[in-house]
Amino acid sequence: MIFDTKELKRAIRHRHRDTRAVIIEELRTACGFMNGSERYIDVWAIEPSASKGCLASSYEIKISRADFLRDLKQPLKQRGARLFSDQFWFVTPPGLLKAEEIPDWAGLLEPS
């Protein structure tokens, strides 16, 4: 299967299919138009959790290694997503990234 952004977003929605999650695509993390305020979370989900109240997850979709490697050089790029979330996930086609490349504050999801 060929994974594009649309397919990866579909996989994220499928992951939350049995919950009452609210899922928002392209959630802007700040207001204004300067100094990085135009950052977006690719997909953000918040769902009820019996033990934690609500659990918020940010999903950053990466289709290419080059895009992922560029992000690693900009550590503040995911700052807004991390501030608004309990969990942060990189979502990629299978085999695109190596587990050891993922920052310790993030997870890796590879839909099959």
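Points to keep in mind about this one:
- Scanning segment 90-106 for residues that are under 12 Å from the mean Cα position of the chain (by Cα), within 16 Å of GLU7 (Cα to Cα) and not polar (S, T, N, Q) turns up PHE90, VAL91.
- Qualifying positions in segment 1-10 - over 19 Å from ASP67 (Cα atoms) and either assigned to a helix (DSSP H, G or I) or at pLDDT 95 or above (or both): ARG10
- Search result, residues across segment 68-102 that are within 20 Å of THR29 (Cα to Cα) and among the acidic types (Asp, Glu): ASP71, ASP86
- Of all residues in segment 60-89 being of a type in the set (A, V, I, L, M, F, W, C) and touching a Pro at 6+ places or on another chain (Cβ under 9 Å), the one that is surrounded by the fewest Cβ atoms within 10 Å (Cβ to Cβ): LEU72
- Taking the criterion of being at pLDDT 90 or above and of a type in the set (A, V, I, L, M), the residues of segment 40-80 that qualify are ILE41, VAL43, ALA45, ILE46, LEU55, ALA56, ILE61, ILE63, ALA66, LEU69.
- Checked against (1) open to solvent by less than 40 Å² (accessible area, probe 1.4 Å); (2) within 24 Å of PHE3 (Cβ to Cβ), LEU55 meets all criteria but (2).
- Taking the criterion of being surrounded by 13 or more Cβ atoms within 10 Å (Cβ to Cβ), at pLDDT 90 or above and either touching a Gly at 6+ places or on another chain (Cβ under 6 Å) or of a type outside the set (Val, Ile, Thr) (or both), the residues of segment 11-39 that qualify are ALA11, ARG13, ARG15, HIS16, ALA21, GLU25, LEU27.
- Yes/no for SER49 being over 14 Å from the mean Cα position of the chain (by Cα), hydroxyl-bearing (Ser, Thr, Tyr) and open to solvent by less than 50 Å² (accessible area, probe 1.4 Å): yes
- The one condition from (1) without any contact (Cβ under 8 Å) to a residue 60 or more places away in the chain; (2) in contact with a helix residue (DSSP H, G or I) (Cβ under 6 Å, 6 or more places away or on another chain) that PRO111 does not meet is (1).
- Output for segment 85-105, where each listed residue is closer than 13 Å to ASP42 by Cβ and hydrophobic (A, V, I, L, M, F, W, C): PHE88, TRP89, PHE90, VAL91
The values are calculated or read from the model by the stated rules, or taken from the named source; none is laboratory data. Keep in mind that this is a model prediction, so the values were computed, not measured. Neighbour counts are summed over all protein chains in view; Cβ atoms, including those assigned to glycine, are modelled from backbone coordinates with ideal geometry. Calculation scope for accessible area: heavy atoms of the full protein, side chains included, ligands and nucleic acids excluded. Shrake-Rupley method; radii C 1.70, N 1.55, O 1.52, S 1.80 Å.
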